[in-house]
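The values are calculated or read from the model by the stated rules, or taken from the named source; none is laboratory data. What you are looking at is a predicted structure, and each value in this text was computed from that prediction instead of being measured. Don't worry about glycine lacking a Cβ; one is built from the backbone with ideal geometry, like all the others, and counts go over all protein chains shown. Side chains are part of the model used for accessible areas, which takes the heavy atoms of the whole protein and leaves out ligands, DNA and RNA. Shrake-Rupley method; radii C 1.70, N 1.55, O 1.52, S 1.80 Å.
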Amino acid sequence: MEKFLLIGKNLEDIEKFMIENNQSKFRAKQLYNWLYLKSADNFDKMSDLSVSVRELLKEKTRICSVVLKEKQVSKDSTMKFLFELEDGNYVEAVLMRFDNRANLTACISTQVGCPMGCSFCATAKLGFKRNLTVSEIIQQIFLIQANTGLKVTNIVYMGQGEPLLNFDNLISSIKIFREQFQIGARRITVSTCGIIPQINKLAEMNFQSTLAISLHAPDNDIRKKIMPVSKKYPFDELIKALKSYTQKTGRRVTVEYVLIGGINDSLEDAKKLAFAIAKLKSNVNLIVYNTHEKSDYKKPSKENIMKFKYILEASGKKVTIRLERGADIDAACGQLSSKMNTK
Ligand code: SAH
């Protein structure tokens with residue numbers, strides 16, 4: 001008989017299992033706390049459960065289906081985790097601490113590979129394999145906490161895959177992070193390359209986490225060249241959908257913009273972008289292009305980065321430049337490609 005997979009289950013599921021196995025609801029709550037509040041990855045750590053209960057759990061359940069295969073630590077202390085899924089596929093997640101803050105941010109994956117085909121992104125080169133299950137999404141955070149003994153305080157859905165194409169599992173996993181891992185809605189960010197119908201769905205749901213949009217271009221001509229999604233969901237319609245999203249939810253969106261040397265980083269591009277998002281309630285997050293062996297693009301010059309930032313700020317936007325994290329271990333944005341998957 002298939003073992004009952006625990007991570008991803010809520011309290012009612014665990015109670016039901018325990019009652020079916022002649023255990024009390026109280027035992028279920030103890031097990032639930034060990035899993036979600038203490039990240040116990042081994043039944044023998046669950047010291048207030050009797051030996052017989054632990055034996056029952058070992059026989060009939062398993063905590064995880066995902067295995068942590070490798071952990072790399074960068075010079076800046078960013079960590080990259082390689083996970084093996086049950087079907088032999090791999091995904092990656094990244095853990096970052098930002099200076100002067102107690103926040104610990106985990107960047108997690110929602111798909112094996114990615115179907116979007118952005119020309120500058122290493123994950124895109126893998127192609128799309130499949131969606132992750134809710135449990136597989138949750139297990140990334142569980143295993144990071146179990147391995148490091150640290151509590152993740154912020155989650156960004158910015159790892160491998162397009163979260164809005166795995167919509168139901170995305171929404172279910174956010175619910176579990178909020179209710180079971182006690183991570184607040186405002187500490188969760190979902191990044192999308194711009195799937196308009198799903199953005200509208202989030203607006204209808206009155207989504208309360210942060211939506212980040214990988215815009216990366218000031219108009220449809222440039223965007224089409226680097227992001228095929230623009231052919232289906234054009235730039236102007238995307239901006240319109242985002243405006244209506246901000247109106248419905250009352251929330252500001254984050255405009256992400258990867259500056260790629262000679263492609264989208266000119267003064268003219270900055271002015272066009274400022275104009276295009278002038279009426280969109282948004283902050284801007286500039287990302288300096290991270291090089292990787294799977295594409296030939298170049299980083300922008302320091303001068304262009306500063307000019308770009310200045311022009312957007314002069315237009316009234318709050319602009320941050322995303323720090324490059326973990327580049328020496330290929331953990332920076334767009335560098336996740338699970339080398340194992342290409343074997
Ligand atoms: N599919 C979602 C989630 C991925 S988030 C999305 O597109 O938003 C990963 C972010 O890193 C995206 O903004 C992506 O465009 C960006 N990115 C991809 N390749 C990059 C690279 N080489 N350098 C910097 N950022 C990159």
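Can you name every residue in the range 215-226 that is within 12 Å of the ligand (Cβ to nearest atom) and more than 19 Å from the chain's Cα centre (by Cα)? Correct list: Ala217, Arg223, Ile226.
Within the range 149-156, the presence of at least one residue that is within 12 Å of the ligand (Cβ to nearest atom), open to solvent by 20 Å² or more (accessible area, probe 1.4 Å) and closer than 27 Å to Lys38 by Cβ is confirmed.
There is no residue in the range 38-47 that is open to solvent by 40 Å² or more (accessible area, probe 1.4 Å), within 23 Å of Thr123 (Cβ to Cβ) and not in a helix (DSSP H, G or I).
Residue count for the range 93-142, restricted to those that are of a type outside the set (A, V, I, L, M) and within 19 Å of Gln335 (Cβ to Cβ): 21. The sole residue among Arg130, Arg187, Arg223 that is open to solvent by less than 10 Å² (accessible area, probe 1.4 Å), among the charged types (D, E, K, R) and in the same structural domain as Ala278 (by TED's automatic domain parsing) is Arg223. Considering the conditions (1) open to solvent by less than 40 Å² (accessible area, probe 1.4 Å); (2) of a type outside the set (Lys, Arg); (3) within 15 Å of the ligand (Cβ to nearest atom), Leu165 is excluded by exactly one of them, (1). Assess whether Ser77 counts as being at pLDDT below 95 and either outside the structural domain of Glu162 (by TED's automatic domain parsing) or not basic (Lys, Arg) (or both). Spelling it out, Ser77 is indeed at pLDDT below 95 and either outside the structural domain of Glu162 (by TED's automatic domain parsing) or not basic (Lys, Arg) (or both). The number of residues in the range 268-292 being free of Cβ contacts under 8 Å to residues at least 60 places away in the same chain and within 11 Å of the ligand (Cβ to nearest atom) comes to 5.
Taken over the range 91-135, the residue count meeting the criterion of being in contact (Cβ under 8 Å) with a residue 40 or more places away in the chain and either among the small types (Gly, Ala, Ser) or within 19 Å of Thr78 (Cβ to Cβ) (or both) is 22.
Take the conditions (1) in contact with a helix residue (DSSP H, G or I) (Cβ under 7 Å, 6 or more places away or on another chain); (2) within 13 Å of the ligand (Cβ to nearest atom); (3) at pLDDT 95 or above; Ala106 misses just one of them, which is (2). Taking the range 203-214 as the range and being open to solvent by less than 10 Å² (accessible area, probe 1.4 Å) and within 16 Å of the chain's Cα centre (by Cα) as the test, the residues that pass are Ser209, Leu211, Ala212, Ile213. Take the conditions on the phi > 0 side of the Ramachandran plot and away from the ligand (no atom under 11 Å from the Cβ) and apply them to Asn200. Does it pass? The answer is no for Asn200.
Select from the range 161-212 the residues that are β-branched (Val, Ile, Thr) and touching a residue at least 60 places away in the same chain (Cβ under 8 Å) and list them in ascending order. If the condition is that a residue be β-branched (Val, Ile, Thr) and touching a residue at least 60 places away in the same chain (Cβ under 8 Å), then Ile176, Thr189 are the ones that fit.
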